[in-house]
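Contents: one structure, followed by commentary.
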Amino acid sequence: MYEILNKINSPADVRKLNENELKKLASEIREEIINVVSKTGGHLSSNLGSVELTLALHRSFNTPEDKLLWDVGHQIYPHKLITGRRELFHTIRQYKGISGFPNRDESEYDVLNTGHASTALSAALGMVIARDQKGEKHHVVAIVGDGSLTGGIALEALNQIGHLKRRIIIVLNDNKMSISPNVGAISKYLDYLQSGQFYVKTKEMIRSVVELIPAVGKKMVELAHDIEDKLKKLMVPGSFFEELGIRYIGPINGHNIEEMEEVFDRVKKCTRPVLVHIVTEKGKGYKPAEEKANWFHSSAPFDIKTGKFKKKNGAPSYSSVFSDTLIQLAKNDEKVIAITAAMPEGTGLIKFKEKYPDRYFDVGIAEQHGVEFSVGLALGGLRPVIALYSTFLQRAYDQIIHDVSLMDLPIVIGIDRAGAVSGDGPTHQGIYDISYLNIVPNIIMMAPKDERELQNMVFTALKQEHPVTIRYPRAQGYGVPLKETFEEIPIGKWELIKEGKDGIILAVGNRVYPAMEAALELKDAGIEVGVVNSRFIKPLDKELLKRIEKEYKWILTVEDGVLKGGFGTSVDLFFRENKSFKIKVYSLGYPEEILPQGDTKTIHKLYGIDKDGIVNKVKGIINKRKRKIRDLLKPS
Ligand SMILES: Cc1ncc(C[n+]2csc(CCOP(=O)(O)OP(=O)(O)O)c2C)c(N)n1
């Protein structure tokens, strides 16, 4: 039972609290977040850091009339707890539960659905224009982290915000961290603003420059003042934002509600763009998360007392096999360069950084730039390997077509978190990559059935003179033994695992093992189906397809991706292009709809791409064919 939190049904209740009650509320919110996330998993550190900021915002601004737009949206658990979702909070990230991100369908307080970084400033500016056009008066506040501020789209928005000079409030929530410590020149600049050194440096610099000028005549004095003015501007805190036309205020303690409220109340009177620089601590209030904010960024369930994560099985994750293999291969090839876009832990490339710091680059939340940077590396004769989550690779689609594909460059893209993902919901599903890459020329697309095959794929990919993508899920492997040596896989050659009688299953990546299990179960039921590990999504194994066409009556394709434009459609198209209508192609995958939030097991089951779903589909195909034959035999 929480003394204060249990009475909070809306921000109006928070506005009535006194200083002590507010402090108590902040601590109860933290306790509730730690309790729930320790069971469900979720974004812990950012939420522990944004508690006071959330309370101050909802007290100063008249939400929901005033609009709060949370960038990424992974830091809004405190916001959810005080905007009417307290009782549902334990369902967060679960199937049929509340979302871990802002969701307009859930609450009028959630203004913009987010999940990908750096979108809030652009959307906020659009809402400002709409407000002004309609003669409305409310405030529009975009809350963006220091990591997300480095994303290209955020900088494009700042460019237009400064230009249009409309009334908009930007709250920069600076905790010096992206998921890992923030990187890049902008991050250094924010550090500089925080450090207070600017003041000393300004004075010193002005003094030294002025001293250099001989003090003769009025003109020289004027010149000295002029230089002083310019230098001051150059060194004054926030002058980067000021020069863009955005008023800078800060840095301000993001854990002091009173101080923040005072500032917010003041900036509400501003008639032009303002940026309030708030400084927070990621993981605040829970020691393990304060010490390891990166590991608790998107946390697995953990033991509250020890701060230790609850492990599943002992097999390594695909991400770590990808990274370990790359490290092994980089030993004998100095040209191999590893690139991540702000996900060193998630992609496992942090290990590469430790081994080869000079050949590792974290480009920040900048997937477009990361891919284009790889283009330059490849043009310069190096072998870039960039690992991105499937959902974030969407950001770099133009670079993939316009540069990687059209110049046919040898770049390896590790597509991590491919397929349905647990917990994060619609914004993070990695289900589109097969379809959107399938249509791009020159790209070789692979998907391993297990961790050993992933090793061989990384090895094979680095031998190609073309772009190669390797998609793998967020999962641990099957415990298949890994090796120190690797085998090259012939491009476009599938693995025929098992022959069948009437039909054969062509499975992709993480669907191969469920297909094998399904085939075994079907065998017990007297149904013999073949299974192929379609380890190349592109190019197809045309030779094998031609043989299958001769020997089988039907094919069932299975993939952890959307059906339209997916692997199944490629197989179907292959036969149609060859004017072959003898064999029937059935497909399992996702329809064109927004997948619900849930764990992968639930999603796979829901859409029938797990073992049971494959068994049922095969039985359905066979029954349908039997019915057809019976119908044909009926006397007319
Ligand atoms: C386009 C995109 N790339 C990567 C991510 C993964 N991601 C989620 S939060 C985050 C860090 C954001 O840092 P910051 O904005 O400073 O917020 P903090 O986590 O520090 O609170 C990253 C990289 C994402 N959500 N969107």
(request) Test residue 300 against the criterion of being open to solvent by 30 Å² or more (accessible area, probe 1.4 Å), in contact (Cβ under 8 Å) with a residue 40 or more places away in the chain and over 28 Å from residue 20 (Cβ atoms), and give yes or no. (result) yes
(message) If a residue must be more than 16 Å from the chain's Cα centre (by Cα) and in a loop (DSSP other than H, G, I, E, B), how many such residues does region 290-299 contain?
(response) 2
(request) Give the residues of region 335-344 that are more than 16 Å from the ligand (Cβ to nearest atom) and either not assigned by TED's automatic domain parsing to the domain that holds residue 375 or not in a loop (DSSP other than H, G, I, E, B) (or both), sorted by residue number. (result) 336, 337, 338
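One line per residue, one yes/no per condition, for (1) outside any loop (DSSP other than H, G, I, E, B); (2) within 14 Å of residue 513 (Cα to Cα); (3) of a type in the set (S, T, N, Q):
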site	(1), (2), (3)
452	yes, yes, no
457	yes, no, no
473	no, yes, no
484	no, no, no
(request) Looking for whichever is of a type in the set (D, E, K, R), within 16 Å of the ligand (Cβ to nearest atom) and either open to solvent by less than 30 Å² (accessible area, probe 1.4 Å) or touching a residue at least 24 places away in the same chain (Cβ under 8 Å) (or both) here; the options are 281, 291. Which one fits? (result) 281
(request) Scan region 309-336 residue by residue and report those that are under 26 Å from residue 44 (Cα atoms), without any contact (Cβ under 8 Å) to a residue 60 or more places away in the chain and either open to solvent by 80 Å² or more (accessible area, probe 1.4 Å) or in contact with a Pro (Cβ under 9 Å, 6 or more places away or on another chain) (or both). (result) 309, 310, 311
(request) Just need a number here: residues in region 142-192 that are open to solvent by 60 Å² or more (accessible area, probe 1.4 Å), at pLDDT below 95 and of a type in the set (S, T, N, Q). (result) 0
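Yes or no, residue by residue, for (1) within 16 Å of the ligand (Cβ to nearest atom); (2) part of a loop (DSSP other than H, G, I, E, B); (3) in the same structural domain as residue 324 (by TED's automatic domain parsing):
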| residue | (1), (2), (3) |
| --- | --- |
| 393 | yes, no, yes |
| 399 | yes, no, yes |
| 404 | no, no, yes |
| 414 | yes, no, yes |
| 427 | yes, no, yes |
| 441 | no, yes, yes |
| 445 | no, no, yes |
| 466 | no, yes, yes |
| 487 | no, yes, no |
(request) Could you look through region 387-404, keep only residues that are touching a Leu at 6+ places or on another chain (Cβ under 9 Å) and aliphatic (A, V, I, L, M), and pick out the one that is farthest from residue 117 (Cα to Cα)? (result) 400
(request) Go through region 492-528 and count every residue that is in contact (Cβ under 8 Å) with a residue 60 or more places away in the chain, assigned to a loop (DSSP other than H, G, I, E, B) and under 26 Å from residue 431 (Cβ atoms). (result) 1
(request) Write out, first by first residue and then by second, each pair whose Cβ atoms fall under 9 Å of each other, whose residues are 6+ apart or on separate chains, and whose first residue, in region 619-631, is of a type outside the set (Ser, Thr, Tyr) while the second is open to solvent by 90 Å² or more (accessible area, probe 1.4 Å). (result) 621/584; 625/553; 625/584
(request) Look at residue 411 and say whether it is within 18 Å of the chain's Cα centre (by Cα), under 23 Å from residue 327 (Cβ atoms) and touching a residue at least 24 places away in the same chain (Cβ under 8 Å). (result) no
(request) Considering only region 1-66, give the helices (runs of 4 or more DSSP H) lying wholly within it that have at least 2 residues that are at pLDDT 95 or above and more than 21 Å from residue 107 (Cβ to Cβ). (result) 19-40, 45-49
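Rundown of residues vs (1) over 20 Å from residue 282 (Cβ atoms); (2) part of a loop (DSSP other than H, G, I, E, B), yes/no style:
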| site | (1), (2) |
| --- | --- |
| 311 | yes, yes |
| 325 | yes, no |
| 329 | yes, no |
| 346 | no, yes |
| 358 | yes, no |
| 365 | no, yes |
(message) Give me the residue from region 142-168 that is in contact with a helix residue (DSSP H, G or I) (Cβ under 6 Å, 6 or more places away or on another chain) and assigned to a strand (DSSP E or B) and, out of that set, nearest to residue 190 (Cα to Cα).
(response) 144
(message) Against the definition (touching a Gly at 6+ places or on another chain (Cβ under 9 Å), free of Cβ contacts under 8 Å to residues at least 60 places away in the same chain and open to solvent by 10 Å² or more (accessible area, probe 1.4 Å)), how does residue 474 come out, yes or no?
(response) no
(request) Kindly indicate which of 305, 268, 310 is of a type in the set (D, E, K, R), under 24 Å from the mean Cα position of the chain (by Cα) and away from the ligand (no atom under 12 Å from the Cβ). (result) 310
(request) Could you tell me whether region 125-141 includes any residue that is surrounded by fewer than 22 Cβ atoms within 10 Å (Cβ to Cβ) and within 14 Å of the ligand (Cβ to nearest atom)? (result) no
(message) Condition check: of a type outside the set (Asp, Glu), open to solvent by 70 Å² or more (accessible area, probe 1.4 Å) and either within 16 Å of the ligand (Cβ to nearest atom) or modelled with pLDDT of 95 or more (or both). Does residue 230 satisfy that?
(response) no
(request) List every residue pair whose Cβ atoms lie under 6 Å apart, where the two residues are 6 or more positions apart in sequence or sit on different chains, the first residue falls within region 425-436 and is on the phi < 0 side of the Ramachandran plot and in contact (Cβ under 8 Å) with a residue 24 or more places away in the chain, and the second residue, located anywhere, is in a helix (DSSP H, G or I) and of a type in the set (S, T, N, Q). (result) 428/391; 430/390; 430/391; 433/390
(request) Please enumerate the residues belonging to region 56-102 that are without any contact (Cβ under 8 Å) to a residue 40 or more places away in the chain, in contact with a Gly (Cβ under 8 Å, 6 or more places away or on another chain) and within 16 Å of the ligand (Cβ to nearest atom). (result) 102
(message) Could you go through region 352-362 and let me know if any residue there is more than 14 Å from the chain's Cα centre (by Cα), more than 22 Å from residue 448 (Cα to Cα) and within 11 Å of the ligand (Cβ to nearest atom).
(response) yes
(message) Among the residues that make up region 81-89, is at least one of them basic (Lys, Arg), outside any loop (DSSP other than H, G, I, E, B), assigned by TED's automatic domain parsing to the domain that holds residue 142 and touching a helix residue (DSSP H, G or I) at 6+ places or on another chain (Cβ under 8 Å)?
(response) no
(message) Return the pair list, or none, for Cβ contacts closer than 7 Å from residues in region 571-591 that are buried (at least 19 other Cβ atoms within 10 Å of the Cβ) to residues that are among the hydroxyl-bearing types (Ser, Thr, Tyr) and modelled with pLDDT under 95, at least 6 apart or on different chains.
(response) none
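The values are calculated or read from the model by the stated rules, or taken from the named source; none is laboratory data. None of the values given here were measured: they were computed from a predicted structure. Here the Cβ is made from the backbone with ideal geometry for all residues, glycine too, and neighbour counts use every protein chain on show. In case anyone asks, the SASA skips ligands and DNA or RNA and just uses the protein heavy atoms, side chains included. Shrake-Rupley method; radii C 1.70, N 1.55, O 1.52, S 1.80 Å.
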